[in-house]
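Some notes on the structure that comes next.
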Amino acid sequence: SQTIHQWPATLVQPVGSPLSLECTVEGTSNPNLYWYRQAAGRGLQLLFYSVGIGQISSEVPQNLSASRPQDRQFILSSKKLLLSDSGFYLCAWKGPGTVNEKLFFGSGTQLSVL
Amino acid sequence: GESVGLHLPTLSVQEGDNSIINCAYSNSASDYFIWYKQESGKGPQFIIDIRSNMDKRQGQRVTVLLNKTVKHLSLQIAATQPGDSAVYFCALFSNTGKLIFGQGTTLQVKP
């Protein structure tokens, strides 16, 4: 069966520090991968998605970047964190080639930038 | 662009009662809808989905109803239990294939 792993679960970082969040998927090949951010008490905002290795689409201009160095690995990064980068970050996947199909989410990373 | 809205930010029900969570959408071309449950500090968990060729779908204690005429979606939870307390999101795919979420309804179950 397919599983998605996301770490760390919680992260406290000072303003101006770098960021690296990692997500891996097991049990599937060539998944579509997604990074969402959720502000407290709000819905989910799509940040990035990827349909294959090295293919990244950005949904909103921001201080963050994403990379997909391997088929089942998706990384969210920042060179210098801002206070406004605080939030709950969620990685998600769905099967390759599927158009309208449900996403499966990881357990999330709660990022606090102080 | 497409939008998804939930009617109530918070719903409080008595344990054992039925819960109904509503969602409205704007894009009449939307053909696939999903309900997620999110517990505090966790990622959203898939509950049930429905495609536009159906108007009702049932799962274990949950039913999703789709009214395409008025662009309205609802999630019904039968015999609500304390473990059902969570935030519930409806979601649909945009014309560009992105999954768009509503703002969520917090379900509070009173013992």
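Please determine whether any residue of region B:20-43 is among the charged types (D, E, K, R), closer than 27 Å to A:A40 by Cα and over 13 Å from the mean Cα position of the chain (by Cα). Outline the logic, then answer.
Residues of region B:20-43 that are among the charged types (D, E, K, R), as a first pass: B:31, B:37, B:39, B:42.
Those left that are additionally closer than 27 Å to A:A40 by Cα: B:37, B:39, B:42.
Adding the requirement that they be over 13 Å from the mean Cα position of the chain (by Cα) leaves B:39, B:42.
Scanning region B:20-43 turns up at least one residue that is among the charged types (D, E, K, R), closer than 27 Å to A:A40 by Cα and over 13 Å from the mean Cα position of the chain (by Cα).
Would you pick out the residues in region B:27-65 that are outside any loop (DSSP other than H, G, I, E, B), within 14 Å of chain A (Cβ to nearest Cβ), surrounded by 15 or more Cβ atoms within 10 Å (Cβ to Cβ) and not hydroxyl-bearing (S, T, Y)?
Of region B:27-65, the ones outside any loop (DSSP other than H, G, I, E, B) are B:32-38, B:45-51, B:56-58, B:62-65.
From the residues that got through so far, the ones that are within 14 Å of chain A (Cβ to nearest Cβ) too are B:32-38, B:45-51, B:57, B:64.
Restricting the remaining residues to those that are surrounded by 15 or more Cβ atoms within 10 Å (Cβ to Cβ) gives B:32-38, B:47-50, B:57, B:64.
Within region B:27-65, B:F33, B:I34, B:W35, B:K37, B:Q38, B:I47, B:I48, B:D49, B:I50, B:R57, B:V64 meet the criteria.
Right, B:S52: small (G, A, S), more than 22 Å from A:Y34 (Cα to Cα) and free of Cβ contacts under 8 Å to residues at least 40 places away in the same chain or not? It would help to see each step written out before you state the result.
Details: small (G, A, S): yes; more than 22 Å from A:Y34 (Cα to Cα): yes; free of Cβ contacts under 8 Å to residues at least 40 places away in the same chain: yes.
So B:S52 fits the description; yes.
Among the residues of region A:9-24, is there at least one that is small (G, A, S), touching a residue at least 60 places away in the same chain (Cβ under 8 Å), assigned to a strand (DSSP E or B) and closer than 23 Å to B:A86 by Cβ?
Checked region A:9-24: no residue is small (G, A, S), touching a residue at least 60 places away in the same chain (Cβ under 8 Å), assigned to a strand (DSSP E or B) and closer than 23 Å to B:A86 by Cβ.
Identify, please: which residue in region B:66-78 is among the β-branched types (V, I, T) and part of a loop (DSSP other than H, G, I, E, B) and is, among those, surrounded by the most Cβ atoms within 10 Å (Cβ to Cβ)? Spell out the reasoning first.
Applying the first criterion (among the β-branched types (V, I, T)) to region B:66-78 yields B:69-70, B:77.
Those still in the list that are part of a loop (DSSP other than H, G, I, E, B) too: B:69-70.
Details: B:T69: 8, B:V70: 6.
Here the residue is B:T69.
If you check every pair at least six apart or on different chains, which have Cβ atoms under 6 Å apart with a residue in region A:89-114 that is without any contact (Cβ under 8 Å) to a residue 24 or more places away in the chain first and a residue that is acidic (D, E) and not in a loop (DSSP other than H, G, I, E, B) second?
A:K102/B:D49
Here, each number is a calculation from the coordinates, and none is a lab measurement. Worth saying up front: this structure is predicted, and the values here are computed from it rather than measured. Every residue, glycine as well, gets a Cβ built from its backbone with ideal geometry; the counts of neighbours run over all protein chains shown.
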